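Report on the following structure.
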Amino acid sequence: MVGLLISFLSELIFVRYLRRFGDQIHAEVTTMLNIVRRKTAEEIILKRFGPEARRMFSLLIHKKKLEAKHAAELSMLNQRKAREMLFKLHDSGYATVQEVPRTSDFKQSKCIYIWSVNLPEAYKRIAQHIDRSCINLYRRLKTMEEEPKEKKDSDLRRKQKEFIEVSILRLQINLMLFRDLK
């Protein structure tokens, strides 16, 4: 039975995080959770900002710190588009920028701007966005329940209510992924 389980799990990406000790299997759950968090964060950024922003986010995670010009080259975007994506990520709280002066006079024109991603902060920001979305959906659900009876009974309203309830459940699953449950 254990051999069948291991062969099944070997098809998955997480097989390198499983260790077999006799009849027991040990899993590096923290590592697997971090991989799933990162992939989910990338998908959320893809849906919110598009493929260029996702590419920029992944690049910043991989390279740790980059100057905007270098990030544009590596992400294969023109500098204007890359800077636009970096500022979108920064405005949403997913990327941070650090001003590094070239000279001691701290003139803005003589500074280098280094971009990076602080993953724990980005995960907190994603959790906040998910929380806000859940609250908005709960409010929408409450207003639908307070509508007059003739509007409540329509088939369309019933489908809308089901859709909102399913959306809330999906958001809560993602929220559990980004919350620290220590």
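The values are calculated or read from the model by the stated rules, or taken from the named source; none is laboratory data. Not measured: the values here are computed from a predicted model. Here the Cβ is made from the backbone with ideal geometry for all residues, glycine too, and neighbour counts use every protein chain on show. All accessible areas refer to the heavy atoms of the entire protein, side chains included, with ligands and DNA or RNA removed. Shrake-Rupley method; radii C 1.70, N 1.55, O 1.52, S 1.80 Å.
Taking 20 Å as the cut-off, the amide N atoms of segment 115-142 that come nearer than this to a point 7 Å along the Cα-to-beta-carbon line of Q160 belong to 133-142. Between A95 and H90, the built amide H atoms are under 5 Å apart, and every one of these is 5 or more places off in sequence or on another chain. Taking the accessible area of segment 63-146, probe 1.4 Å, and keeping the other protein chains in place, the carbon and sulfur fraction comes to 51%.
Taken per residue, the accessible surface of segment 23-105 reaches 62 Å², heavy atoms only and a 1.4 Å probe.
Please work out whether segment 47-96 counts as rounded, prolate or oblate from its C-alpha gyration tensor, where a ≥ b ≥ c are the square roots of the eigenvalues and a/c under 1.5 means rounded, while otherwise a/b larger than b/c means prolate and anything else oblate? Because its axes are fairly even, with a/c under 1.5, segment 47-96 counts as rounded.
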